[in-house]
Structures are given as structure tokens and as C-alpha cells.
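Below you will find the structure I want to go over with you.
The values are calculated or read from the model by the stated rules, or taken from the named source; none is laboratory data. Given the structure is predicted, the values throughout are model-derived calculations rather than measurements. In this analysis, Cβ positions are derived from the backbone assuming ideal geometry, glycine residues included, and neighbour counts consider all displayed protein chains.
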Amino acid sequence: MLRNILLALGGTLIAGGLVAILGGAYAPAIVAMVWGAILVFGILYERYVYKTVVAKPPAGKYWVKTTERFVDDGKTVTVYYNTLSGERAYVAE
């Protein structure tokens, strides 16, 4: 829900910046468009790149199932930790 609101806010800032450019207000337009782009990029990056949820636990003897769990899009997600590299994997149950 919050993600959708922030994406809409970012899109509104970008659209408002485009309207401001058409009106000749270049400095405020650039500020609005930059902040809108940062907001949209940040939300999309976090969702699709930073925390990829996989279906199967990672293979290998260094992966340890932690007690950390959370709900993401209605699915319970368990965190696995690689004791050798420090990498974390997010697995949907």
C-alpha cells in the first residue's frame, strides 16, 4: 500500500515537473522531476533488485536457516545466512 502511494507521488512529481517546464518554470521543474525520479527508482530498485525472494533454499553446507521471518506480499519469507560469505537469501515458504 505504502509502496503504491510513494510510486504515485513520484509519478506526480515527474508529471508536475513536465507541466512546469511547459509553463517556463525550469528550476522548480528540474527539482520536482529529480526528486520524483529518485523516489520511483528507489522504490522499484528495492522491490526488484535488493531483496529477491526465491522459492527454494540455497544449496550448500554454509547456508544456515535463521529465526528471522517476515510476510512479503502475503507470503511468509524465511531468511537464510551464509556463514562463509555473510550473504543473505530470502526464501518463500
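Taking the stated definitions as given, is L44 modelled with pLDDT under 95 and not acidic (D, E)? I'd like the intermediate steps shown before the answer.
Working: modelled with pLDDT under 95: yes; not acidic (D, E): yes.
It is true that L44 is modelled with pLDDT under 95 and not acidic (D, E).
Can T83 be described as surrounded by 10 or more Cβ atoms within 10 Å (Cβ to Cβ) and closer than 22 Å to R3 by Cβ? Please lay out each step first, then the result.
Working: surrounded by 10 or more Cβ atoms within 10 Å (Cβ to Cβ): yes; closer than 22 Å to R3 by Cβ: no.
In short, no.
Give me a count of the residues in the stretch 64-80 that are loosely packed, with under 15 Cβ neighbours inside 10 Å and either in contact (Cβ under 8 Å) with a residue 60 or more places away in the chain or among the aromatic types (F, W, Y) (or both).
1
Also: If you check L9, L18, which single one turns out to be under 30 Å from A92 (Cβ atoms), surrounded by 12 or more Cβ atoms within 10 Å (Cβ to Cβ) and at pLDDT 95 or above?
On the way: L18 fails: under 30 Å from A92 (Cβ atoms).
Step by step, each of L9, L18 is checked, and only L9 is under 30 Å from A92 (Cβ atoms), surrounded by 12 or more Cβ atoms within 10 Å (Cβ to Cβ) and at pLDDT 95 or above.
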